[in-house]
Amino acid sequence: MTEKLNVVPFVSVDHMMKLVLAVGVERFLTEMSAYIEEDFLRWEQFDKTPRIASHSHDGVIELMPTSDGHLYGFKYVNGHPKNTRDGRQTVTAFGVLADVGNGYPMLLTEMTILTALRTAATSAVAAKYLAPKGADTMAIIGNGAQSEFQAVAFKALLGVNKLRLYDIDASASQKCKANLAGMGFDIVIADNAQDAVEGAQIITTVTADKQLATILTDNMVGTGVHINAVGGDCPGKTELHKDILLRSDIFVEFPPQTRIEGEIQQLAADHPVIELWQVMAGKAQGRNSSAQVTLFDSVGFAIEDFSALRYVRDKLIDTGLFEELDLLADPDEPRDLFGMLLRAAKASAV
């Protein structure tokens, strides 16, 4: 990539799509999952803070920063469920990776597509440690923009090849089935959420409504399943009945954030949870019996975005799928920024 001090590599939506397709979706998810796992294993090295959120009646806009002391990354992301009525995405995002040593950005990239990929990759990484051994069937309740990514990630990392789909909008399930055609899945569209979870060892909930909802009730969840709760990710937005939480072993990313945004906002502030990084590092136990109900209360954390940004930056070296963005002022004399402005005025007058 370029060595010009004023130029920052920029990955547009078009370049991101070309990058994912050039690598291959399954391979992209698998390789990015390795970056996520690598960063979870050095969790203690990172600056960590709950995301900075600006809530409104219509949705939320958030900043998600972190640093490992060498690199700094942040993501701008929104969540506006009503957007679909206007033909817009519920979630959009962009991100930056920077050099801590000099503060210069090293990458600017779209993260709408990348967030969908990293969310699915993180879910599958968690399931490697928490799902029943040999699980091959997953129910996906909520078949919007995230559903296909979840399916492909679980196939790539765990070998899941049977899907049971349900959405209150039947056309969403048909869309998901059509998009996954020819990718090695046996797909059933269920009439309701109860039917969808029948026979599934993994249950993924990924709905969008910004409300306290009950997508799964206690009677729907049998012993031995792993629940991948993705949709509940802000205050006042949940998907699971409280009774499910009370009989599950709950695994989270960053407790101070999850207690505000996740399913566990329904529980007491001191309800025991296990941090996923501790399981991955062998400091805590994950799945310990065939009857255990495990719950990954996924809200998305900045370190996962940091991992995704690192992965994309590394892939650009060989692909060239980026633009050179003239983003940083670079005067001949660093202290003469005003002189640079004057010289530009003279040049434009010629």
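Against the condition surrounded by fewer than 24 Cβ atoms within 10 Å (Cβ to Cβ), more than 20 Å from the chain's Cα centre (by Cα), not small (Gly, Ala, Ser) and not assigned by TED's automatic domain parsing to the domain that holds Thr207, how does Pro132 come out, does it pass? Give the derivation first.
Details: surrounded by fewer than 24 Cβ atoms within 10 Å (Cβ to Cβ): yes; more than 20 Å from the chain's Cα centre (by Cα): yes; not small (Gly, Ala, Ser): yes; not assigned by TED's automatic domain parsing to the domain that holds Thr207: no.
In short, no.
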* Qualifying positions in the stretch 91-139 - out of contact with any Lys or Arg (no Cβ under 7 Å at 6 or more places or on another chain), farther than 23 Å from Leu295 by Cβ and not in a strand (DSSP E or B) -> Thr92, Val100, Gly101, Asn102, Gly103, Tyr104, Thr112, Ile113, Leu114
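Residue by residue through the stretch 110-121, note down the ones that are over 15 Å from Ile203 (Cα atoms) and not basic (Lys, Arg). Break it down stepwise before answering.
In the first step, residues of the stretch 110-121 are kept if they are over 15 Å from Ile203 (Cα atoms); the result is 110-119, 121.
Within the stretch 110-121, Glu110, Met111, Thr112, Ile113, Leu114, Thr115, Ala116, Leu117, Thr119, Ala121 meet the criteria.
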* Restricting attention to the stretch 100-111, does a residue exist that is among the hydroxyl-bearing types (Ser, Thr, Tyr) and under 30 Å from Met220 (Cβ atoms)? -> no
* Asked: Is there a residue being within 18 Å of the chain's Cα centre (by Cα), part of a loop (DSSP other than H, G, I, E, B) and in the same structural domain as Ile141 (by TED's automatic domain parsing) anywhere in the stretch 249-257?
  -> yes
* Filter result (crowded, with 19+ Cβ neighbours inside 10 Å, part of a loop (DSSP other than H, G, I, E, B) and of a type outside the set (A, V, I, L, M, F, W, C)) within the stretch 140-171 -> Gly142, Asn143, Gly144, Gln146, Asp167
* Could you please let me know if Gly232 is crowded, with 22+ Cβ neighbours inside 10 Å and in a loop (DSSP other than H, G, I, E, B)? => yes
* Would a scan of the stretch 316-323 turn up a residue that is modelled with pLDDT under 90, out of contact with any Cys (no Cβ under 7 Å at 6 or more places or on another chain) and outside any helix (DSSP H, G or I)? -> no
* **Test: Glu239 is in a strand (DSSP E or B), buried (at least 20 other Cβ atoms within 10 Å of the Cβ) and among the charged types (D, E, K, R)** => yes
* **Close pairs from the stretch 232-257: first in contact (Cβ under 8 Å) with a residue 60 or more places away in the chain, partner charged (D, E, K, R), Cβ under 6 Å, at least 6 apart** => Gly232/Glu239; Gly232/Glu263; Asp233/Glu261; Cys234/Glu261; Phe254/Lys48
* Structure fact -> Just one listed residue, out of Thr109, Thr90, Thr66, is in contact with a helix residue (DSSP H, G or I) (Cβ under 9 Å, 6 or more places away or on another chain), within 30 Å of Gly184 (Cβ to Cβ), hydroxyl-bearing (Ser, Thr, Tyr) and crowded, with 22+ Cβ neighbours inside 10 Å, and it is Thr109
* Can you name the residue in the stretch 180-213 that is at pLDDT below 95 and part of a strand (DSSP E or B) and is also nearest to Ser290 (Cα to Cα) among such residues? -> Ala213
* Does the stretch 325-348 contain any residue that is modelled with pLDDT of 95 or more and closer than 22 Å to Asp47 by Cβ? -> no
* Asked: Does the stretch 220-256 hold any residues that are out of contact with any Phe, Trp or Tyr (no Cβ under 6 Å at 6 or more places or on another chain), modelled with pLDDT of 95 or more and polar (S, T, N, Q), and which are they?
  -> Thr223, Ser248
* Looking at (1) over 12 Å from the mean Cα position of the chain (by Cα); (2) assigned to a helix (DSSP H, G or I); (3) surrounded by 17 or more Cβ atoms within 10 Å (Cβ to Cβ), which is the only condition Arg85 fails? -> (3)
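Please determine, by comparing only the residues of the stretch 1-57 that are among the charged types (D, E, K, R), assigned to a loop (DSSP other than H, G, I, E, B) and surrounded by 13 or more Cβ atoms within 10 Å (Cβ to Cβ), which one is modelled with the highest pLDDT. Break it down into steps so the answer makes sense when it comes.
Going residue by residue through the stretch 1-57, those that are among the charged types (D, E, K, R) are 3-4, 14, 18, 26-27, 31, 37-39, 42, 44, 47-48, 51.
Among the residues that remain, those that are also assigned to a loop (DSSP other than H, G, I, E, B) are: 3-4, 42, 48, 51.
The next check asks that each one be surrounded by 13 or more Cβ atoms within 10 Å (Cβ to Cβ); those that pass are 48, 51.
Numbers: Lys48: 97, Arg51: 93.
Per the stated criteria, the residue is Lys48.
Listed here are the residues, each with its yes/no results for (1) of a type outside the set (Ser, Thr, Tyr); (2) in contact (Cβ under 8 Å) with a residue 12 or more places away in the chain; (3) not assigned by TED's automatic domain parsing to the domain that holds Ser56.
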| residue | (1), (2), (3) |
| --- | --- |
| Gln146 | yes, yes, yes |
| Phe149 | yes, yes, yes |
| Asp167 | yes, yes, yes |
| Ala178 | yes, no, yes |
| Val188 | yes, yes, yes |
| Gln194 | yes, yes, yes |
| Ala200 | yes, yes, yes |
| Thr204 | no, yes, yes |
* Check on Ile303, surrounded by 14 or more Cβ atoms within 10 Å (Cβ to Cβ), at pLDDT 95 or above and outside any helix (DSSP H, G or I) -> no
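The values are calculated or read from the model by the stated rules, or taken from the named source; none is laboratory data. None of these values were measured; they are calculated from a predicted model. Note that each Cβ is placed from the backbone with ideal geometry, even for glycine, and that neighbours are counted across all protein chains shown.
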